[in-house]
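These notes are about the structure you will find just below.
Since every read-out is calculated from the coordinates, none of them should be taken as a lab result. Note that this is a predicted model, so its numbers are computed, not measured. Please note: Cβ atoms are built from the backbone with ideal geometry, for glycine as well, and neighbour counts cover all protein chains shown.
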Amino acid sequence: MRRGCAVSFVALTVLVVTMVATCPTAVNHKVVLREATYGAIQDKLNATVGSELGGLLMDMAQQSFIGSISTFSFDRIITVDNYYLFSVGRIVLPGNSHIVSIGIFGHVFAPGKDEILELSKRYRI
């Protein structure tokens, strides 16, 4: 009986220490969300104006002053709450906030490109 409790305690301790050590940071959340958002915008541009022109426009926007402003504004609306075992990314809009990512064990789980486009329509972002 005591041996089973000791093994369970050690296993639980190892699990908790691993979760704390690998909890994603705010930077991890913002990078994953930014890449997913830019990917969704890229797909939308490709569908609208064609893949080569859409890719060129997106590359130019990211490398220009517009890319710097969009990165700055994107970073301002994303907040990350770190609960030590896991972290939660939120988009904070005037009057409300929406959970958009969850991080655990060194991974950030965020919506895909299609979900991002749907969320942007629903919340008018």
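Using θ = phi - 60° and the Karplus form 6.51 cos²θ - 1.76 cosθ + 1.60, what ³J(HN,Hα) does each residue of the stretch 20-30 get, whole Hz, x for Gly and Pro?
5, 5, 10, 5, x, 8, 4, 4, 4, 4, 5
Peptides 91-99, 30-38, 15-23: what's the order by average Cβ count within 10 Å, highest mean first?
Ranked from most to least packed, the peptides come out as 30-38, 15-23, 91-99.
For Glu118 and Tyr84, calculate 0.36 nm times their separation in residues minus their Cα-Cα distance, and state this gained length in nm to one decimal.
Fully extending the segment from Glu118 to Tyr84 adds 9.2 nm.
Reachable lysines from Lys121, Cα under 17 Å, same-chain residues fewer than 8 places away excluded?
Lys44, Lys113
Say each of Phe109 and Asp75 gets a label point 7 Å from the Cα, pointing the same way as Cα to Cβ; how far apart are those two points in nm?
2.8 nm
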